[in-house]
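Structure record follows, encoded as structure tokens.
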Amino acid sequence: MMNLRVLCTLLILLTLSACEDQSAKPAARQQQDFAVNNVQTFQGIEQLKAKLLMNPTDFATLSTLADMYFESSQFVEAFQTYDKALAVNPNCADCYNDRGLSLFYIGDPTSALESFDKAIALDPGFTHAWLSKGFVLISEGRYQEAVAPLNKVKELDTTGVLALQADKFLVIVAENSRP
């Protein structure tokens with residue numbers, strides 16, 4: 001049986017990513033695409049770091065760099081860069097959400113939940129933060145606590161992709177809440 005954390009991670013990454021369908025590509029082509037993407041990501045990160053040397057408080061560059069670190073699974077660097085971006089713009093709910101996911105992936109779910117709560121306090125309608133909070137609560141085995149944020153996702157995104165993801169997470173809650 002698949003580890004619950006792995007399952008939840010896969011579900012949220014599928015929902016939050018806009019990746020093309022790789023299933024129809026041969027394995028060699030997928031490996032080539034992966035290598036090209038890694039080189040492009042590395043080059044993009046280096047370009048953004050160089051840009052920050054000229055203006056270390058450029059919020060757009062900081063948040064883009066943090067996103068690139070996150071997307072390339074460099075979660076410690078992402079977390080640190082989101083913190084720098086938030087020092088410049090402490091009202092960025094999206095940065096708090098992504099910071100929280102970075103914290104979760106580096107093994108600090110308590111701080112991750114605090115970060116999601118900050119995102120929600122800044123923007124109570126920010127559906128991604130509610131979904132992220134539910135995801136982390138489920139991943140930590142706190143099923144009943146996950147119900148409220150997941151229902152909030154459904155309330156805010158009644159028929160969208162995030163509502164569908166919330167429904168999938170609520171199925172996990174139901175399966176793990178049986179006596």
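The values are calculated or read from the model by the stated rules, or taken from the named source; none is laboratory data. Note that the structure is predicted; figures quoted are calculated from it, not measured. Note that we place each Cβ from the backbone using ideal geometry, even for glycine, and neighbour counts take in every protein chain shown. Keep in mind that these areas ignore ligands, DNA and RNA; they rest on the heavy atoms of the full protein, side chains included. Shrake-Rupley method; radii C 1.70, N 1.55, O 1.52, S 1.80 Å.
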What are the residues in the range 76-102 that are buried (at least 17 other Cβ atoms within 10 Å of the Cβ) and of a type in the set (S, T, N, Q), if any? T81, N97, S102
Only unsatisfied item for K133, checking (1) of a type in the set (K, R); (2) under 23 Å from T110 (Cβ atoms); (3) out of contact with any helix residue (DSSP H, G or I) (no Cβ under 6 Å at 6 or more places or on another chain), is (3)
Out of (1) modelled with pLDDT of 95 or more; (2) under 26 Å from I45 (Cβ atoms), the one S72 does not meet is (1)
In the range 51-70, which residues are under 24 Å from I120 (Cβ atoms) and open to solvent by 10 Å² or more (accessible area, probe 1.4 Å)? F59, A60, S63, T64, D67, Y69, F70
Answer with yes or no whether Y105 is over 24 Å from D67 (Cβ atoms), among the hydroxyl-bearing types (S, T, Y) and at pLDDT 95 or above. no
Of residues in the range 114-136 being touching an Asp or Glu at 6+ places or on another chain (Cβ under 8 Å) and open to solvent by less than 10 Å² (accessible area, probe 1.4 Å), the one nearest to S63 (Cα to Cα): A119
Filter result for the condition that a residue is under 16 Å from the mean Cα position of the chain (by Cα), at positive phi and surrounded by fewer than 20 Cβ atoms within 10 Å (Cβ to Cβ), over S73, S111: S73
Considering each of D117, D108, D83, D58 in turn, give the residue that is within 25 Å of G160 (Cβ to Cβ) and either without any contact (Cβ under 8 Å) to a residue 24 or more places away in the chain or not polar (S, T, N, Q) (or both). D117
Note on the range 137-164: residues in contact (Cβ under 8 Å) with a residue 12 or more places away in the chain, open to solvent by less than 10 Å² (accessible area, probe 1.4 Å) and out of contact with any Leu (no Cβ under 6 Å at 6 or more places or on another chain) are L137, I138, P149
